[in-house]
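The values are calculated or read from the model by the stated rules, or taken from the named source; none is laboratory data. These figures come from a predicted structure and were not determined experimentally. As a convention, Cβ positions derive from the backbone with ideal geometry for all residues, glycine included, and neighbour counts pool all protein chains shown. These accessible areas exclude ligands, DNA and RNA; they are computed on the full protein's heavy atoms, side chains included. Shrake-Rupley method; radii C 1.70, N 1.55, O 1.52, S 1.80 Å.
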Amino acid sequence: MIPLYSAAAAHAGMALDATLQRVLQRNWFVLGEEVREFEREFAAWCGVAHCVTVANGTDALELALRALDVQPGGEVLCAANAGFYASAAALAMGAVPGYVDVDDGTLTLSPAALRQALAARPSKPAAVVATHLYGQLADVEGIAAVCAEAGVPWIEDCAQAHGAERGGRKAGSFAPLACFSFYPTKNLGALGDGGAVTSPDARLADRVRALRQYGWSAKYHVSERGGRNSRLDELQAAVLRLKLGHLERQNAERRAIARRYSEAFEGLALRLPVSCGADNAVHLYVVRTAQRETLRAHLLARGVASDVHYPVPDHQQAVLAASRAGVRLPVTEAACASVLSLPCFPGMREEEVDTVIAAVRAFRGQEHGQEARAC
């Protein structure tokens, strides 16, 4: 079976044992030298002044919202096709998620839909979260312009976009605050959970730094409400420092696989990613088809794993469905009904890529639909 992702393949050739031993020999396991150095190195890699590590990507989103002074009852606008993570962060702090439709090509937050949503509201939302879905950089320039015009702060959700860039600027360097996840399957993944918030603004970074540790301004001195224990440990920071040195190469591998797929699938009745270039870190290679479940069964029978990211839009999740009964997001809903993720990971062998291509091309349920175009 060709897996959707292989940690063994992604970690091949990395000195993980020596990295872990270095931390064990220091006997310092929380907020020490490894965390400080990773924060410095990752901030420099993203092209920003500040990085604050936290326990996971959802905490990063919640603490970023708190740093922007989002209050309980405040509305946080976001896309509804990105796995409920921004919604979960908003709900955790008592805020209210509101939803904006996505662009039909990139499946990221649509600036035009955002402008319409802002104009339709009697009062300004507290914040906007723009997710770089599947590794595809959103229209950051358009979103930033709309938010600036409305006077609403915004946050980049970069959980799937480590290394996506446009015009020489990387994901995580466009908004006042940007949030990363280091879940093991991410382009930059730890050996467990982890996250970070990046920012060009020292004041905002200092607020996040206090909030990640009980709201402390100094040890045992609480200066910020809403603080918690959300710290990245030294072992994970050391692993991330090691893997950061491999990230550009591994992103290039992902893009090369994505280009092979898109060239091979051109002309099939599939919707393909709009880009396999620098603006897409290719965290996932996602096609769209109205015959998703039939294609999944076909692939499984030929030893190819697949998955759906994500099948249920946020506004239709059981926890919110009753209160969002009138919400209509046609592009989002169509995407959630048709997206399918194919294996695409660093260390994937050429023969595995060939097998995936052959399996997809052998699918015969494709007589109808929009033809694919190679990116």
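Conditions (1) within 30 Å of His11 (Cα to Cα); (2) not β-branched (Val, Ile, Thr), marked per residue:
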| residue | (1), (2) |
| --- | --- |
| Asp201 | no, yes |
| Arg207 | no, yes |
| Leu211 | no, yes |
| Lys219 | no, yes |
| Val222 | no, no |
| Arg225 | no, yes |
| Leu232 | yes, yes |
| Gln236 | yes, yes |
| Leu240 | yes, yes |
message = Quick check on the range 206-247: of everything there that is small (Gly, Ala, Ser) and more than 22 Å from the chain's Cα centre (by Cα), which residue is most open to solvent (accessible area, probe 1.4 Å)?
response = Ser217
One residue from Val70, Val52, Val48 being part of a strand (DSSP E or B) and modelled with pLDDT of 95 or more = Val52
query = Does Val304 satisfy the criteria of being among the β-branched types (Val, Ile, Thr), out of contact with any Lys or Arg (no Cβ under 7 Å at 6 or more places or on another chain) and crowded, with 17+ Cβ neighbours inside 10 Å?
reply = yes
key: Selection within the range 92-107 - free of Cβ contacts under 8 Å to residues at least 60 places away in the same chain and surrounded by fewer than 20 Cβ atoms within 10 Å (Cβ to Cβ)   = Ala92, Gly94, Val96
ask   = Which one is most open to solvent (accessible area, probe 1.4 Å), of the residues in the range 316-359 that are under 21 Å from Gly105 (Cα atoms) and in a helix (DSSP H, G or I)?
value = Pro330
ask   = Which members of the range 6-47 meet the condition of being in contact with a Pro (Cβ under 9 Å, 6 or more places away or on another chain) and open to solvent by less than 20 Å² (accessible area, probe 1.4 Å)?
value = Ala10
inquiry  = Can you say whether Asn81 is open to solvent by less than 10 Å² (accessible area, probe 1.4 Å), farther than 16 Å from Ala175 by Cβ and under 16 Å from the mean Cα position of the chain (by Cα), as far as the supplied structure shows?
reply    = yes
key: Verdict on His283 being surrounded by fewer than 21 Cβ atoms within 10 Å (Cβ to Cβ) and either assigned to a loop (DSSP other than H, G, I, E, B) or in contact (Cβ under 8 Å) with a residue 24 or more places away in the chain (or both)   = no
query = So, of the residues in the range 286-295 that are over 21 Å from the mean Cα position of the chain (by Cα) and closer than 21 Å to Arg259 by Cα, which turns out to be surrounded by the most Cβ atoms within 10 Å (Cβ to Cβ)?
reply = Thr289
query = Does Gly192 satisfy the condition of being open to solvent by 10 Å² or more (accessible area, probe 1.4 Å), small (Gly, Ala, Ser) and at pLDDT 95 or above?
reply = yes
inquiry  = Return the pair list, or none, for Cβ contacts closer than 8 Å from residues in the range 108-127 that are over 22 Å from Cys158 (Cα atoms) to residues that are part of a loop (DSSP other than H, G, I, E, B) and among the small types (Gly, Ala, Ser), at least 6 apart or on different chains.
reply    = Lys124/Gly151
message = Can you pull out every residue in the range 195-205 that is of a type outside the set (Lys, Arg) and either more than 13 Å from the chain's Cα centre (by Cα) or open to solvent by 10 Å² or more (accessible area, probe 1.4 Å) (or both)?
response = Thr198, Ser199, Pro200, Asp201, Ala202, Leu204, Ala205
